[in-house]
1. Right, residue 230: of a type in the set (Ser, Thr, Tyr) and modelled with pLDDT of 95 or more or not?
2. Would you please name the residue that is surrounded by the fewest Cβ atoms within 10 Å (Cβ to Cβ), looking only at residues in the range 166-183 that are within 18 Å of residue 74 (Cβ to Cβ) and touching a residue at least 60 places away in the same chain (Cβ under 8 Å)?
3. Scan the range 50-62 and give yes if some residue there is modelled with pLDDT of 95 or more, surrounded by 12 or more Cβ atoms within 10 Å (Cβ to Cβ), among the charged types (D, E, K, R) and under 17 Å from the mean Cα position of the chain (by Cα), otherwise no.
4. Is there any pair linking a residue in the range 119-147 that is on the phi > 0 side of the Ramachandran plot to one that is in a helix (DSSP H, G or I) and of a type outside the set (A, V, I, L, M, F, W, C), with Cβ under 9 Å and at least six apart or on different chains, and which?
5. Considering only the range 160-181, I want to know if a residue exists there that is farther than 30 Å from residue 61 by Cα and in contact with a helix residue (DSSP H, G or I) (Cβ under 8 Å, 6 or more places away or on another chain).
6. Is it fair to say residue 56 is in a helix (DSSP H, G or I), without any contact (Cβ under 8 Å) to a residue 60 or more places away in the chain and among the hydroxyl-bearing types (Ser, Thr, Tyr)?
7. Give 109, 95 a once-over and let me know the one that is at pLDDT 95 or above, out of contact with any helix residue (DSSP H, G or I) (no Cβ under 8 Å at 6 or more places or on another chain) and of a type outside the set (Val, Ile, Thr).
8. Which number in (1) under 22 Å from residue 95 (Cα atoms); (2) out of contact with any strand residue (DSSP E or B) (no Cβ under 8 Å at 6 or more places or on another chain) marks the one condition that residue 164 misses?
Amino acid sequence: MIGKPVRRVFLVSRLQVVLRERALREVYKRLATQDPQTGLDNRRQTFMNITDAIISTRRDQSISALLLGDINNLASINQKHGFEFGDEVILTFGRILKRFSSPDCKIGRIAGDTLAAVLKNTSLERAREFCARVERTFTAIAFDAATSPKHFNTSFGIACYDGKDPAFDADEFMVQADTALAKSKRIGRSSISAYWELQADEIAELAPIHARKSRRQRTNRAFVSVETDYAPANTAPQPEDVHIVQDSSKS
C-alpha cells in the first residue's frame, strides 16, 4: 500500500522492487521444475504431471497415457562422436516430442536420454500413433548432413490408465511404462511396446530401472571403505591404553 501524496520517485522504486521479486520467483520456479539441459520438465515435475493426469482421468472418466522414449545405443554414440554430439541428439529428441505435443500433453526428462510424455484425454490408438510419429520423424533426421550423415532411432514404452483402479498412482504408472520400454529395448531398433500387451512372465522378467519406490529405505549401495589399520594423528588414547602412575612421595 502506498499512502498519499504519491511521489513519483517513490512509486517507481516500489514498482521496480515488485518486478524484481516477480522475476526472481519465475527463476526459482524454473530451477525447481525445469531440466537445465533440455528445458523440459524435470523428473520431479514429471511425476507431478503424472499425478495430475491420474486425477483428471478419474474425474473425467477418460484415459491417460504415459510414454517413455529412449535413444538406442546412446552410450556408443557418445563414445564414437563425443558427449557434445550426444547432447545434441537428446535435445533434438526433446524438440520433436514438444513439436507433436498438444495442450493436454506434458513432456519431461526422467534421466539421461529417457524422456516422458504424459497425455491426458487420449486413447490407446492415439498414444501409439504419437510414439510412431515421433519415431518416424527422429529416424528421418540426418545429423551432420553436410559432411557425414548419421541416423539414429528410439524405443518407446506405453502405459495407459482408465481411472478404474483407485489405488493406481504415479509410481505404478511409471513401473508399467518402464516395463514396456524395457521390452522395446530388448526387441531393438525402432520398437514400440505397450504394457497391456505384455504376458505375465514378461512382466515378471523385465525389471524397470526408471521407476521409484513409494517408501525408500536406507541401503548400503554407497559405502566408503576406510582401512582399519589407519589411525589419524592426535587421536585420543583409548581407555585400555591409559596407565595410572602412582606418586611414590605420597605413599
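1. Working: of a type in the set (Ser, Thr, Tyr): yes; modelled with pLDDT of 95 or more: no.
Answer is no for this residue.
2. Here is the first cut: in the range 166-183, the ones within 18 Å of residue 74 (Cβ to Cβ) are 178, 181-182.
Keeping just the survivors that are touching a residue at least 60 places away in the same chain (Cβ under 8 Å) gives 178, 181.
On the way: 178: 26, 181: 30.
Ranking the qualifying residues of the range 166-183, first place goes to 178.
3. yes
4. Between residues of the range 119-147 that are on the phi > 0 side of the Ramachandran plot and residues that are in a helix (DSSP H, G or I) and of a type outside the set (A, V, I, L, M, F, W, C), the close pairs are 121/56; 121/57; 121/60; 144/81.
5. Filtering the range 160-181 down to residues farther than 30 Å from residue 61 by Cα leaves none.
No: zero hits.
6. On the way: in a helix (DSSP H, G or I): yes; without any contact (Cβ under 8 Å) to a residue 60 or more places away in the chain: no; among the hydroxyl-bearing types (Ser, Thr, Tyr): yes.
Against the criterion (in a helix (DSSP H, G or I), without any contact (Cβ under 8 Å) to a residue 60 or more places away in the chain and among the hydroxyl-bearing types (Ser, Thr, Tyr)), residue 56 does not qualify.
7. Values: 109 fails: out of contact with any helix residue (DSSP H, G or I) (no Cβ under 8 Å at 6 or more places or on another chain).
Step by step, each of 109, 95 is checked, and only 95 is at pLDDT 95 or above, out of contact with any helix residue (DSSP H, G or I) (no Cβ under 8 Å at 6 or more places or on another chain) and of a type outside the set (Val, Ile, Thr).
8. Unmet condition: (1).
The values are calculated or read from the model by the stated rules, or taken from the named source; none is laboratory data. Since the model is a prediction, treat every value here as computed from it, not as a measurement. No Cβ is skipped: glycine too gets one built from the backbone with ideal geometry, and neighbour counts run over all protein chains shown.
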